[in-house]
1. If exposed means no more than 16 neighbouring beta carbons inside 10 Å and the site is in a DSSP loop, what's the longest run of chain B without any exposed GluC sites (Glu not before Pro)?
2. Given contacts defined as C-alpha pairs under 8 Å and at least six residues apart, what's the relative contact order of chain A, whole-number percent?
3. Let me see the P(r) profile for the stretch A:3-276: every Cα-Cα distance counted, bins of 10 Å, each bin given as a percent of all pairs.
4. Can you give the net charge of the other residues whose Cβ lies under 9 Å from the Cβ of residue B:87, counting K and R as +1 and D and E as -1?
5. Going Cα to Cα from residue B:138, which lysines come in below 23 Å? Please leave out same-chain ones fewer than 8 positions away.
6. With Rg and the Kirkwood Rh both taken from Cα atoms, where does Rg over Rh land for the stretch B:99-217?
7. So, counting K/R as plus one and D/E as minus one, what does the shell of residues with Cβ under 11 Å around residue A:204 add up to?
8. Within a Cβ distance under 13 Å of residue B:99, other residues only, what is the Lys/Arg minus Asp/Glu net charge?
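FYI, it's all coordinate maths here, none of it is from the lab. These numbers come from a predicted model, not from an experiment. With ideal geometry, Cβ positions are generated from the backbone for all residues, glycine too; neighbour counts draw on all protein chains shown.
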Amino acid sequence: MNPLWIVQTLAVLRLELRKTFFSKRGFWIYLLALAPVVLFTGHSLLEMKNHRVCDFGQDTNIFATVFQIFFIRLGVFFGCVGIFMNLFRGEVLDKSLHYYFLAPIRREVLLVGKFLAGLLATIVIFTSSAMLQFIGMYLHHGWNVVSDYLGSGNGLSHLIAYLGVTVLACIGYGSVFLASGVAFRNPLIPAGVILVWESINSFLPAILQKFSVIYYLKSLCPIQIDPHAGSFFSLLSINADPMPAYIAVPGLILLAVAVLVLASFQVRRMEINYATE
Amino acid sequence: MPANDRVVFENVSKFYGDVLGVNKVNLSIPPGITSLVGPNGSGKTTLMNLMSGLIRPSRGRITVLGIRTDQPDELFRYLGYCTQFDSFPKGFTGYQFVYSYLRLYGCAHGEAEELTWKAIERVGMMDAARRKIAGYSKGMRQRIKLAQSTCHGPSVLVLDEPLNGLDPLVRAETIALFRTLAEDGMHIIISSHILHEVDAISDQVILLSNGYVVAEGKIAGVRSEMQDHPMQILIRCNRPQELAAKVFAQESVVEAQIHKDGLGLLVKTRDANRFYLMLNHIAQNGVSIESVAPADDDVNSVYDYLIGSEEPQK
Ligand SMILES: Nc1ncnc2c1ncn2[C@@H]1O[C@H](COP(=O)(O)OP(=O)(O)OP(=O)(O)O)[C@@H](O)[C@H]1O
Ligand SMILES: [Mg+2]
């Protein structure tokens, strides 16, 4: 027999998964995840149609840049806004949160169950996307080149790193947006503020940099973007002092846990006052 | 195990910003059927939400069977709450609404299924259980909420206007259900804004008005308490002195005072209905009366509910 809180967490998880995966409100998140897949696959198909093959190294750099600049900072970011911010916020708007609050279940357990549901949804959606992007990008290079890259080159470790970073991004942004969905009425304002905060991260004093998600993710990306590439975006991703994974991974998880603990205090104090919303 | 068998409010106040929800409430509710009665906005739902920890008191302390209301994991083992909120988790059927609650409670699938059907049967919703709640009528929603709040066998059942929207037959059945549950030693706390709807089944009544508990006790006691409590009525008229003399002759009048501005009379009476009738009589004899209005609105409105009198004639 499992301890009660595990049974209850699973019960919350089951109820929440229907919402995090299949909400009509969240349809655009799938489009967001699909966009880079379409981009890369389209590119490959075009090259194949013209019987051309791109420079492998160049493709790898493009993948790295799109991954860091678009996929993580915007795709996973807004995906987490859409899913995690609605975990509590959406139920206040639907006036259904009292259903949970009237069950003999600790509010902390509710929070964990909801967080896991959001996490499962975002991880499935965005790691699938990252995987498909990878396939799409290298499609036109042919199987021999790709299997060489995966087998004897560092392709496999890159792929694993990308998937790992995606998972960690979901954990990091998920915790942050779950918390802001509890603390704020209007989700767009904190989302905007956090977007700016994350973007200017490279320019912040070292101590402040640690209070952001991207700070940890940057160091874990397998290919650092060349700051001399000259584009505005590459400036954003300057990583002056990359951390080793054994610091970055626990660092990020610690950040997420701290944010969730703060959110749980807030949830404990939450009142059902639908009338005033 | 619960520490005692009472629902206790100790000097509880709740403010929504500047708006008063309830003020300085002291109650100790024993098992049996207790009715919270008061007009719209008098604070019934506020008291019930406080009891279930959905809102926190601004001041004071509440315990249910000795359990603090900020411990939902303990509290809802013993408490079931059928709310006035008419909203449900999206896409649920009646069955899922009850079943999922039991899963949250910690029941395994088989047990949850069994208890769900039991609760649904108790409220006579077997036929509609597999349908989406979104398509339910008001009375069906009311009944499925009742099923959910009783499915886990609570010892304190809090019901916010549970008879709303029920047709007379179902209403009678539901009241009979409350009786049966109360006979088993349960607390049943029912709110209503119509006293005669609940007074026949209540062991005790708590009268609320504008956020205050104005009377409390066995139903007969409450009636006489209301009769003993003199009511103030302000009469605007052209010759208050003359009126005062006539009014004073009435035995139900406790006090009559000329209003500060000299243009009215403030009367305290134990029997408002008789007084209103008598006033009509006086008015026909020379004094021209502009207006008659209760000077303390709370008690008057509650009094009306209690006695069920018709509108006072003006
Ligand atoms: N969320 C809220 N924000 C502000 N004021 C509120 C809120 N909820 C209740 N109130 C106020 O508190 C007072 C008591 O309201 P409450 O809902 O407890 O009354 P009630 O007796 O349940 O009324 P009804 O018969 O309409 O259900 C009212 O003046 C109401 O306007
Ligand atoms: Mg109410």
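1. B:1-250
2. 26
3. 6, 28, 32, 21, 10, 3, 0
4. So the surrounding residues net to -1.
5. Output for residue B:138: A:95, B:44, B:90, B:118.
6. Ratio of gyration radius to Kirkwood radius: 1.00.
7. Neighbour charge sum, excluding residue A:204 itself: 0.
8. Summing Lys/Arg as +1 and Asp/Glu as -1 gives +1.
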